[in-house]
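Chemist: Pasting in a structure now, in structure tokens, and then I'll have a few things to ask.
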């Protein structure tokens, strides 16, 4: 076999392959054997039909077609390896010349990972929010905790803001009650905004046994996005009573004996949360700065495939599950279709650039992934998938997705290297030490950056670990 590589552009090549007829013999033998097992000829036992009889009965062309279909993947792979190409996606193959007994000639056009030059990134400087926990922050967190321990008491009076009402709901469109528009015994805190728009105004002033009707745009179900007439029946009115904010409450709501100890613990917890947010912000800003530094050609077919996958998921998975249409979805997003498409393309481009750049950094810095790092990453991914670590690990292994997770860890380490070299200061002008939060923040940042575009490794048929695990 002979092969040659022609560069069409920085992200696409054309392979020209010539295969002597004798190198097709194993595939020809396999073709005869396969056809032998599929057909029956009177006078011959199944599987024992001579090649000349198969040629006479079914045509030599059928055998040659089967042989070529069997041989092409191998010769294409050999040509890719010979050319030392890092291909993306499936090739467009064209058989340019073939006659029985003569050599096979074909071309294969395919996207490749572009060559990327990583410049000096040590001069990157970013500014992030300072970690500051105010007394107001602590007070707010305690009020949220206090709210979770509120008690309710039935009252014989009209419902007021802040009360809990138990209601039955019946939603209809065009005079017809929806099959999925009926709910009974729903507890709702007036003013929480956690139910339908307009319900607060409808139930305030109603006593137990009272009814009202209002209109509201449905946010889900079969009539999502449509205006519905909603009948609400109040079956109970309950006043909420918040516990006193004292040492007794601290003992009820936590392992602490005093309110001051609980306040101090909340202050530390909020500081940890803000430190993580700060690290994530630093990772995002450093990544954006790195992307600006590097010239990355984007394979057009890969980009269109990524965009197509996202739109397919919306139209065939998300929309049917939520009852949405493009019209209602875009209305909820506050965008036109043109604006949505432009934003989606921008996100996909960023995701592809992120992966290409960080993969190049992994090679440049000779980064590797050990078992402990892979296990820790698997645990984090399992937590976001809604599965136990064992379930997630089993699904990943069965789906052949381990290389995907290894790649994610390696890219996270590459990003951490860049962040470590960057100058990160907060809005107070103080240097920021990100070591404690760096790894988790890198994982969050990369997940966000790659989410819109998926993983370019998927173009090689690798698939996605989350989809495999959840499927």
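Any read-out appearing in this document is the output of simple, stated calculations on the displayed coordinates, not a laboratory observation. None of the values given here were measured: they were computed from a predicted structure. Neighbour counts run over all protein chains shown; Cβ positions are idealised from the backbone, glycine included.
Chemist: When a footprinting reagent is the concern and you count Cβ atoms within 10 Å, what order do 402, 203 take, fewest first?
Modeler: Result, fewest neighbours first: 402, 203.
Chemist: Please report 344, 88 as a ranked list, fewest other C-beta atoms within 10 angstrom at the top and most at the bottom.
Modeler: With the fewest neighbours first, 344, 88 line up as 344, 88.
Chemist: Report, to the nearest 10°, how far helix 402-421 tilts away from the longest principal axis of the Cα atoms in the chain, using its own Cα long axis and a range of 0 to 90°.
Modeler: The two axes meet at around 70 degrees.
Chemist: Going by alpha carbons, how many degrees (0 to 90, nearest 10) lie between the helix axis of 60-82 and the longest principal axis of the chain?
Modeler: The two axes meet at around 70 degrees.
Chemist: In degrees, nearest 10, range 0 to 90: what is the angle between the Cα axis of helix 389-398 and the longest Cα principal axis of the chain?
Modeler: Between the helix axis and the principal axis of the chain, the angle is about 20 degrees.
Chemist: So between residue 402 and residue 219, what do we pick up on full extension, going 0.36 nm a residue minus the alpha carbon distance?
Modeler: 62.1 nm
Chemist: What spacing in nm lies between the two simple spin-label points modelled at residue 129 and residue 294, each 7 Å away from Cα in the Cβ direction?
Modeler: 2.8
Chemist: Between the stretch 1-73 and the stretch 84-152, what is the C-alpha centre distance in whole Å?
Modeler: Cα centroid of the stretch 1-73 versus Cα centroid of the stretch 84-152: 40 Å apart.
Chemist: Related question: With a 10 Å Cβ neighbour count serving as the proxy for reagent exposure, in which order, fewest first, do 245, 64, 8, 262 appear?
Modeler: Ascending Cβ contact count within 10 Å gives the list 8, 245, 64, 262.
Chemist: When the Cα centres of the stretch 376-438 and the stretch 209-234 are compared, how far apart do they sit, in Å?
Modeler: First find each Cα centre; the distance between them is then 43 Å.
Chemist: Share of antiparallel DSSP beta bridges in the chain, in percent to the nearest 5?
Modeler: For the chain, the DSSP antiparallel bridge percentage is about 95.
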